[in-house]
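Right, one structure below, let's go through it.
FYI, it's all coordinate maths here, none of it is from the lab. In this text the structure is predicted, and so the values were computed from the model without any measurement. Backbone-built Cβ (ideal geometry, glycine too); neighbour counts: all protein chains shown.
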Amino acid sequence: MTPTPVNQPWAPPAGISRRNQTLTRARRDLAGIRGRVLEAGAGTARFVRGLRSANPAIQPIACDLVLDGLKYARRQDAAIEAAQADITSLPFRAGAFKAVLVFDVLEHLPRPQDAVAELWRVLEPNGRLHALVPCEGQPLTLHWLMWKSGVGADIKERSVGHVQRFTHRGILTLLTGQGFTITNVSYSMHPLGQAKDVLLHLEEDHRLPRWLARNPLYRAINRGLWAGAFVESTVLRNVPLSAVALHITAVKP
């Protein structure tokens with residue numbers, strides 16, 4: 001793949017918005033990486049494909065339990081190696097990767113520490129881990145308030161299978177306990193992003209009345225929340241207060 005000319009802005013691949021904070025921050029924190037990069041729990045591997053679009057020096061590998069997403073990824077970029085595998089039992093040798101990506105995965109696992117141990121194992125010394133982890137147990141967030149009040153507390157578990165309610169401290173402790181050194185942390189999904197997220201999952205779980213979901217005023221407000229959430233996450237990227245999403249870069253010493 002031809003590198004993006006320096007005088008032209010990089011355009012994300014199809015399926016990833018220009019406003020995607022996760023890809024933007026991953027590109028920044030993994031700038032200069034060369035060699036094998038694994039996206040674990042990859043789905044359609046859109047993030048490692050996005051990284052490769054900006055940095056053709058990486059060799060992208062994707063693994064996921066669901067084969068359909070991996071097939072789609074291969075159709076989009078034949079250079080991607082794909083393996084159907086559980087993140088807690090990766091079919092790769094120790095020290096196989098320069099970097100490992102894991103986005104919105106650990107909160108789905110009954111034993112996330114097993115996945116963290118595997119990510120550690122397959123990274124080479126000085127290899128980098130970049131993760132996005134929703135922390136829906138973080139105090140002073142909308143998700144925490146719903147949990148503590150019992151109002152819609154199970155919405156994320158029902159709609160997308162979130163079984164963990166991490167806090168910022170909890171996920172950082174999980175990584176450092178394995179031996180990782182944290183090198184960068186930033187935040188997203190502050191109050192506007194949380195409102196947008198809750199409404200999205202209420203729609204997906206059919207808890208929102210259909211007439212309301214189709215109402216033009218509601219749709220306009222929803223679009224405004226998406227735009228506002230992007231601005232909010234950009235401006236407040238270094239503000240932990242009331243943020244649900246934690247973007248982490250860590251190194252295996």
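So if we plug the beta-carbon distance of residue 67 and residue 182 into 1/(1 + (r/R0)^6) with R0 = 41 Å, what FRET efficiency do we get, rounded to 0.05?
0.75
What does the charge add up to near residue 185, with Lys and Arg as +1, Asp and Glu as -1, over the other residues with Cβ less than 15 Å from its Cβ? Could you put the intermediate results ahead of the total?
Numbers: positive: 25, 28, 128, 169, 237; negative: 29.
After counting each charged neighbour, the total is +4.
For every other residue with a beta carbon closer than 15 angstrom to the beta carbon of residue 118, add +1 if it is Lys or Arg and -1 if Asp or Glu, then tell me the sum.
-1
Taking the Cβ-Cβ separation of residue 34 and residue 154 as r and a Förster radius of 45 Å, what is the calculated FRET efficiency to the nearest 0.05?
According to the calculation, E is roughly 0.55.
So for 64, 86, fewest C-beta neighbours within 10 Å to most, what's the order? Numbers along the way, then the final one.
Details: 64 23, 86 16.
Placing the least packed residue first, the sequence is 86, 64.
I want to verify a result. In a Gaussian network model of the chain, Cα cutoff 10 Å, which of these has the top mean-square fluctuation: 191, 112, 209?
Largest GNM mean-square fluctuation: 209.
When a footprinting reagent is the concern and you count Cβ atoms within 10 Å, what order do 239, 116, 151 take, fewest first? Display every interim value, and only then the final one.
Details: 239 14, 116 25, 151 9.
Result, fewest neighbours first: 151, 239, 116.
Would you mind ranking 211, 144, 226 by Cβ crowding within 10 Å, fewest neighbours first?
Fewest to most other Cβ atoms nearby, the residues stand as 211, 226, 144.
What does the extension gain come out to for residue 74 and residue 57, with contour length at 0.36 nm per residue minus their alpha carbon separation? Walk me through the numbers before you get to the answer.
Details: separation 17, 0.36 × 17 = 6.12 nm, distance 1.79 nm.
Length difference between fully extended and current span is 4.3 nm.
Using helices alone, I'd like the mean residue ellipticity at 222 nm for the chain: each DSSP H run of four-plus residues gives -39500 (n - 2.57), total over residue count, nearest 500. Intermediate results must be reported in sequence, preceding the final value.
Working: 10 runs with 102 residues, N = 253.
The helix-only estimate for the chain comes to -12000 deg cm²/dmol at 222 nm.
Count charges around residue 37 for me, please; just the other residues with Cβ under 10 Å from its Cβ, Lys/Arg as +1, Asp/Glu as -1.
Here the count lands on +4.
Under a point spin-label approximation (7 Å from Cα along Cα-to-Cβ), what is the residue 145-residue 213 distance to one decimal in nm?
2.4
Could you tell me the center-to-center distance, by alpha carbons, between segment 180-227 and segment 17-84 in angstrom?
Between the Cα centre of segment 180-227 and that of segment 17-84, the gap is 25 Å.
For helix 191-204, what angle does its Cα long axis make with the longest principal axis of the chain, in degrees from 0 to 90 and rounded to 10?
In the chain, helix 191-204 runs at an angle near 80 degrees to the longest axis.
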